[in-house]
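Below: the structure, in structure tokens.
Bear in mind these aren't lab numbers, they're just calculated from the coordinates by the rules spelled out. Keep in mind the model is a prediction, meaning the values are calculated, not measured. Every residue, glycine among them, receives a Cβ derived from its backbone with ideal geometry; neighbour counts consider all protein chains shown.
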Amino acid sequence: MIEAIILSVITAATPLLLAALGELVAERSGVLNLGVEGMMVVGAVAAFAAAQAAGGPAGVLAGAAAGGAMALLFAALALWLATSQVATGLALTLFGLGVAGLAGESFVGLPGVKLEPIVIPLLSDIPLLGPMLFAQDVFFYLSIALVAGVAWFLFRTRAGLRLRAVGDDPAAAHAVGIGVLMTRTGAVLFGGVCAGLAGAQLTLVYTPQWIENITAGRGWIALALVVFASWRPLRLVAGAYLFGAVTIAQFHAQALGIEVPSQLLSALPYLATILVLVIIASNRRFTMINTPAALGRPFVPDR
Amino acid sequence: MKRLIACAVAMGVAGFAAPAAASEDPTKACFIYVGPVGDYGWSYQHDRGRLDVETEFGDQVETQFLESVSEGADAERAIERFARSGCNIIFTTSFGFMDATNEVAARFPDVKFEHATGYKREHPNVSTYNSKFYQGRYIIGQIAAAVSETGEAGYIASFPIPEVIRGINAFMLGAQSVNPDFQVRIVWVNSWFDPGREADAAKALIGQGVDILTQHTDSTAPMQVAAEEGIKAFGQASNMFRFGPSTQLTSIIDDWGPYYIERVGAVINGTWEQSDTWDGLLEGNVAMADYTNMPEEIAAKARETEEAIRNGTLEPFTGPINKQDGTVWLEEGQRATAEELLGLNFYIQGIDGAIPD
């Protein structure tokens, strides 16, 4: 039973982790993209459609591509035309939910394609840990690899330093010759691809079917997780898994007949998030160091 | 495009879903849904009813709908916009729209309002309607107890309102009529529609040893999890057979078409009057999907029960029935009144756990 619980925690946490990781990179470059939910849901419907037509792996690619396309739309408006990031992000979410509903109309009521797990030989034979960590779907492996990759990129490479510089002081970065808009576009695109993958996980692994509004607010949770993790990739893993664990634990507690009000249990993940945020916010210096200073501010290079 | 705008309204931006008008002065029937029309469950079935109205009356009617309208301040605004835009009859299809429907109805006495699953008719232009889904739940309870090997079913519940509690009680009454010791594990997901949470709840229940799943939420996710894990399950609101061809035992199907046709017809003829309708298997508002994936004798018994409920010889809520704590609720042969059933807020004997407040 422990194994079953942990497996469902992984399934619940992976889309949050993927979407939040993408947003983290975008926010590190100073762009607040509130369209995560919209990019996710479009990724979800694209993945479902491609998987129906050409199988699971095509679905994964289509999800990533669709999320990326949505992100480019956002970049064109919010970065190159310098519209308000908040308003554009919200519009992207509304647009995404609408477009996905429209595109998915004929998929409602169709059973989906479930992506087969990739079983790693030998390692998956390790008792207990093997089936949990080495017989997973591609999204789980990707999420872990991307977290490690992003952590290394942001804090150990010159390009990562540039990206953070753009997020902290775009004018200064511009002055020393860093292409602010190109850097930000790249970061936003990465965010969109990750959100698209997170959406694809929903329709290919979590619940292999298309239903409108299948994301059910997960994009917003991913946004909150970025703050929760104070823009640090490794903390994101802790946040996503804590959130996933609390979500799953409440159902097991109920099924076991433990007498705790179910509304309280439903609220637990959010209460835990608030608690951690309060603890983080109480350390002002820490918050100052990690928050991208120019987050959400449009940058127009003067010529 | 219609859908896009509807979505925008749900998120709090004003706008309208407006298919082209057909002929001169058609009657305008408008529908407000709590979920997306593509949920393949509750809202999907209401929308099927709307399409039935279009088919029946053709050019005489024009229909509109708003989907994913949340139960709260948004609902009142959405209903009011409909009323202002010239709708002749407005169907509000979720319990949580009850107060908003009555408030708007007071301001628009010439518009007819129809609220599903509620009980407040504060103005002469408000009717209520509901279906006796509990009749179906009694049948699936019987099937569950007959098919289950572990003697334990999992029940994925949404919100602790009388409608849902009535369903749980009816399910257990059916189950106890076959196996008096039958157990049910209930998980509340506090949502009508969240495929991910419903799937998680299903996995948790299966992990704890139930071998039958039933749900009072709107998505097909639990059926799919049951199919993956190789246990049996019951569909909800629509026929979910395609999501579990070797899993679904039967499904309680909502059919709102006949009622919507009758009520819209009454508006067209000018004969609409306030009413409180609570129909079930007999009238066709509730239907059972084919009895599949079970031995023939259990299916035969289910059909028998269905027929008995239809012709009135069997009423699930007939005494002797005790409340959870063992006190008597209904004496031998006594039937629960409609009011008691509509306000039901306690479990019957044999169900463990407390109802969340």
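Below, the figures for the structure above:
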| quantity | calculated |
| --- | --- |
| Amide H contacts under 5 Å for B:Q334, placed H, 5+ residues apart | B:G319 |
| Over 22 Å (Cα to Cα) - which of B:K203/B:K323; B:K132/B:K232; A:K114/B:K203; B:K301/B:K323; B:K203/B:K232; B:K232/B:K301 fall in this group | B:K203/B:K323; B:K132/B:K232; B:K301/B:K323 |
| Peptide B:153-160 - average C-beta neighbours from other chains (10 Å radius) | 1 |
| Extension gain (nm, one decimal) between B:A354 and B:E332, 0.36 nm per residue minus Cα-Cα | 5.3 nm |
| DSSP-defined antiparallel bridges as percent of all bridges, the protein assembly as shown, nearest 5 | 20 |
| Length-normalised contact order of chain A in % [C-alpha pairs under 8 Å, at least 6 apart] | 36 |
| For chain A, built as a Gaussian network whose Cα springs stay under 10 Å, the top-fluctuating residue of A:T247, A:T157, A:T273 | A:T157 |
| For segment A:171-303, the fraction of alpha-carbon pairs in successive 10 Å shells from zero, as % | 10, 29, 32, 20, 7, 2, 0 |
| For segment A:42-142, Kirkwood radius (reciprocal of mean inverse C-alpha pair distance, Å) | 15.8 |
| Sites A:A159 and A:L256, calculated FRET efficiency, Cβ-Cβ separation with R0 41 Å, nearest 0.05 | 0.25 |
| Value of Rg/Rh across the protein assembly as shown [Cα atoms, Kirkwood radius] | 1.00 |
| Computed label-point distance, nm, for sites A:I289 and A:L72 using a 7 Å Cα→Cβ extension | 3.9 |
| Label-point separation, A:A53 to A:L110 (7 Å along Cα→Cβ), nm | 1.0 |
| Per-residue ³J(HN,Hα) for segment B:330-339, Karplus 6.51 cos²θ - 1.76 cosθ + 1.60, θ = phi - 60°, Hz, x for Gly and Pro | 10, 6, 3, x, 7, 9, 5, 7, 4, 4 |
| Cα pair distances in chain B, grouped into 10 Å bins until the bin that holds the longest one, percent each | 5, 25, 32, 23, 12, 2, 0 |
| Over chain B, relative contact order from alpha-carbon pairs under 8 Å, at least 6 apart, % | 16 |
| Nitroxide proxy distance, nm - points 7 Å out along Cα→Cβ at A:A148 and B:E273 | 7.6 |
| Taking the C-alpha atoms of segment A:48-105, convex hull volume expressed per residue in Å³ | 68 |
